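Each remark here refers to the structure printed beneath this line.
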Amino acid sequence: MPELNLPGHIEVLPNRDALFTELAQHVMHAAQEAVRDRGVFHIALSGGSTPEPFYMMLCTDTRWRSIPWNQAHIWLVDERRVAEDDAKSNMKMIRESLTDQIPISHRHIHAMPVLEDDPATLYEKQFEDTFGFNVASGKVPQIDFILLGMGDDGHTASIFPKSDAVHVHDRWVFANDGPHVTPPPRLTLTYPVINAGRSVAVLAVGGKKAPTLQRVSEQLAQHGPDPENLPITGIHPSNLTWFLDEAAAASN
Ligand code: 6PG
């Protein structure tokens, strides 16, 4: 299988279950290291369909019962601006598949206040209250583990091709909307926060993801990052791992 040209490390596992096991081991290691070093584990989770069975495995499979959820904060990578009982809500999916089943304080589950006015500022305030500094400080909250997905159009988080979020580098959170954002309007972490992540994972499963991963690989190999058209190429944290099954990693 020809090598994909992607930044960071690439883990290709034969099937989804083996891939989820590898990813869970990385989450557990990151959590135990964060709690050992700082007494707290901050993790940011994406929505979409791929990670839902992974979240269910994390909280039902006894191999992961030592993840220190009682010392964790769960953040959202992005959210659709809908009510939390809407089937499109990432928080609804994450509560049902993970947080309702683990020993975590409800105060440490940071839902995005997407129905409020100026939700980006409100979510930045949650980061400020937790990390102790604000956007004006010029610092960026360092989340221990960020789990990203990748859309067929090369979006990640809710940073869509040609959307305004591509160009936001002076905020931690951004309300993304407009003709280039797949409805409904979104709230998303921005590149500065994602790229500051201590450990960032991109999870892509299934043959549908293969053409986009090939496009990303060719773009990076031949021309370098193109966040405007392939937003996921704007992801370059110091510790990035792509978790792919063989179908997603296959060349055409
Ligand atoms: C969302 C996600 C989004 C997702 C990709 C991939 O709110 O939809 O955060 O960025 O990760 O769209 O989605 P799938 O995993 O469903 O392919």
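The values are calculated or read from the model by the stated rules, or taken from the named source; none is laboratory data. Model, not experiment: these values are computed from the prediction. When we count neighbours, we look across all protein chains shown, and the Cβ atoms used for this are built from the backbone with ideal geometry, even at glycine. The area values use the complete protein model at the heavy-atom level, side chains included, leaving out ligands, DNA and RNA. Shrake-Rupley method; radii C 1.70, N 1.55, O 1.52, S 1.80 Å.
Residue count for the stretch 144-159 under the criterion of being of a type outside the set (Val, Ile, Thr), near the ligand (Cβ under 7 Å from one of its atoms) and in contact with a strand residue (DSSP E or B) (Cβ under 9 Å, 6 or more places away or on another chain): the result is 5.
Within the stretch 53-91, the set of residues being basic (Lys, Arg) and more than 16 Å from the chain's Cα centre (by Cα) comprises Arg63, Arg65, Arg81, Lys88.
Okay, residues lined up against (1) open to solvent by less than 50 Å² (accessible area, probe 1.4 Å); (2) in contact with a Pro (Cβ under 7 Å, 6 or more places away or on another chain); (3) β-branched (Val, Ile, Thr):
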| position | (1), (2), (3) |
| --- | --- |
| Arg36 | no, no, no |
| His42 | yes, no, no |
| Glu52 | no, no, no |
| Ala83 | yes, no, no |
| Ile94 | yes, no, yes |
| Ile104 | yes, no, yes |
| His110 | yes, no, no |
| Glu116 | no, no, no |
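Regarding Val135, is this residue surrounded by fewer than 20 Cβ atoms within 10 Å (Cβ to Cβ), within 14 Å of the ligand (Cβ to nearest atom) and farther than 27 Å from Arg16 by Cβ? The answer is no for Val135.
Given the structure, is His29 without any contact (Cβ under 8 Å) to a residue 40 or more places away in the chain and over 22 Å from Asn176 (Cα atoms)? It is true that His29 is without any contact (Cβ under 8 Å) to a residue 40 or more places away in the chain and over 22 Å from Asn176 (Cα atoms).
Flag not set for Asn70, criterion: within 12 Å of the ligand (Cβ to nearest atom) and either farther than 23 Å from Asp152 by Cα or in contact (Cβ under 8 Å) with a residue 40 or more places away in the chain (or both). What residue, of Ala248, Ala221, is aliphatic (A, V, I, L, M) and open to solvent by 10 Å² or more (accessible area, probe 1.4 Å)? When all the criteria are applied, what remains is Ala221.
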